[in-house]
Every structure is written in structure tokens, then in C-alpha cells.
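What follows is one structure encoded as C-alpha cells, with my remarks underneath.
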Amino acid sequence: MSDRKRPRLVVGITGASGAIYGVRLLELLKDNGIETHLIISRAATITIPYETNLKISEIESLATVVHPIDDVGATCSSGSFRTLGMIVAPCSIKTMSEIATGTTGNLIARAADVALKERRRVVLLLRETPLHLGHIRSMAAVTEAGAIVYPPVPAFYARPRTLEEMVDHTLGRVLDLFDLDVGAVKAWAGGKSRPDASSP
């Protein structure tokens, strides 16, 4: 597959809890030959060491290209740079609110804004609870702008046995929205597939 034809996704990692979603997303995309353009917020560089044993450089090595958060002139800041869209995993309320209002003071918000104006898919793995009315209004506003708010709520019907399985299922469903099948989701086969109550 030529570079011109290779699918591209922009990935943002913010300081919200849930850094594992961004890290695992990069791993899945790399394993499946998807070109990734990574942007890590300053707050994420603080959160990541608390939640993982990974160095920032190790996470960056999973991406095809890494862009500094302040580089608003990066390739992914232009609509002429063709991508499938953008995933922010995890997404903070601050970042979602910036995207909702078109505030483009850093590259994560700018890249998302560009994807939306080009009518490309933008998925935000929003991590916050409980929500107050301002959060909910921002969720509505960003949805009206064309983004998809996708809180990483675990699907227990899949009977995950590990945290890794829960994360992979969520990310597999997110990538389904881009028509990317990374083999992380067992498709629902209907009620007839329901396991026996005595099953583990």
C-alpha cells in the first residue's frame, strides 16, 4: 500500500484519566498498518506517569508521526492533509469544550476543528463523572458540530475477563465508526448466543 493510499488517523491524548485508551489505540493502529499522527497535551504528560509505567518517548514511538501540542502549523492542522478523522482518547472536558466552541489554541483542538470543518469523523472518549449542566451543554454543542461523544463505558455483555479486554472492546467499537476492523470486537450474534447461566 503506497503512503498516499495508506489510511491516516490523528490521535490526541489529553490529561483526562484513561491514558491506557490512547496507548492501546496506538498499538492497535500500528499493528493494523494505519498511519497515526499523535498529539499529546501538556496535562497528559503529567497524568501518564501516574497511570502507566511508560515513558512519554515509549508512547510516541508507537505513532508514525508525533506533533508538538503547540505546533498549530503541523500537517494535520490543514484540511488539505487528508485523514480518516481524529480520535481523542481520553478526552478531557477542557478539550471537548474547546472543540465545541471552535477555540483552537493548541494542536489537538485545531486538528479536531479542521476534521470537523472537512466533515471528517471526530470521536471523543470523554472521561469525566459526574457531569454538571455546563458539561452536558458542551457535549450537545460538540455533537451539533459533528463530533461523536463516546464515553468509554465498558460493555459487560461481552463478558470481559481482564481490563485489557474491556479496553480493546471499547476501542474496537470506536474504530468501527471509521470502518476499521482490528479484530477487537466479537460481534453480537443475537439472543440465541446467550451463554448458559452456569457458564463462568
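The values are calculated or read from the model by the stated rules, or taken from the named source; none is laboratory data. Predicted model, so just to flag it, every value in this text is computed and none were measured. Every residue, glycine as well, gets a Cβ built from its backbone with ideal geometry; the counts of neighbours run over all protein chains shown. Keep in mind that these areas ignore ligands, DNA and RNA; they rest on the heavy atoms of the full protein, side chains included. Shrake-Rupley method; radii C 1.70, N 1.55, O 1.52, S 1.80 Å.
Anything in segment 165-185 that is surrounded by fewer than 12 Cβ atoms within 10 Å (Cβ to Cβ) and at pLDDT below 95? List them, or say none.
Selection gives 183 alone.
Suppose we keep only residues that are within 17 Å of the chain's Cα centre (by Cα) and among the hydroxyl-bearing types (Ser, Thr, Tyr) within segment 78-102. Which one would you say is surrounded by the most Cβ atoms within 10 Å (Cβ to Cβ)?
95
Six or more apart or on different chains, Cβ atoms under 6 Å: show the pairs whose first residue is in segment 57-69 and crowded, with 19+ Cβ neighbours inside 10 Å and whose second is assigned to a loop (DSSP other than H, G, I, E, B).
Final answer for the pair search is 67/74; 69/41; 69/106.
At positive phi and of a type outside the set (A, V, I, L, M): which single residue out of 191, 134, 172, 85 fits that description?
85
Would you call residue 33 in contact with a Ser or Thr (Cβ under 6 Å, 6 or more places away or on another chain), small (Gly, Ala, Ser) and surrounded by fewer than 22 Cβ atoms within 10 Å (Cβ to Cβ)?
Answer is no for this residue.
Please find, within segment 139-171, the residue that is nearest to residue 117 (Cα to Cα) out of those that are in contact (Cβ under 8 Å) with a residue 24 or more places away in the chain and hydroxyl-bearing (Ser, Thr, Tyr).
Here the residue is 150.
Filtering segment 103-123 down to residues that are open to solvent by less than 50 Å² (accessible area, probe 1.4 Å) and in contact (Cβ under 8 Å) with a residue 40 or more places away in the chain, which residue is nearest to residue 90 (Cα to Cα)?
Among those residues, the one meeting the criterion is 123.
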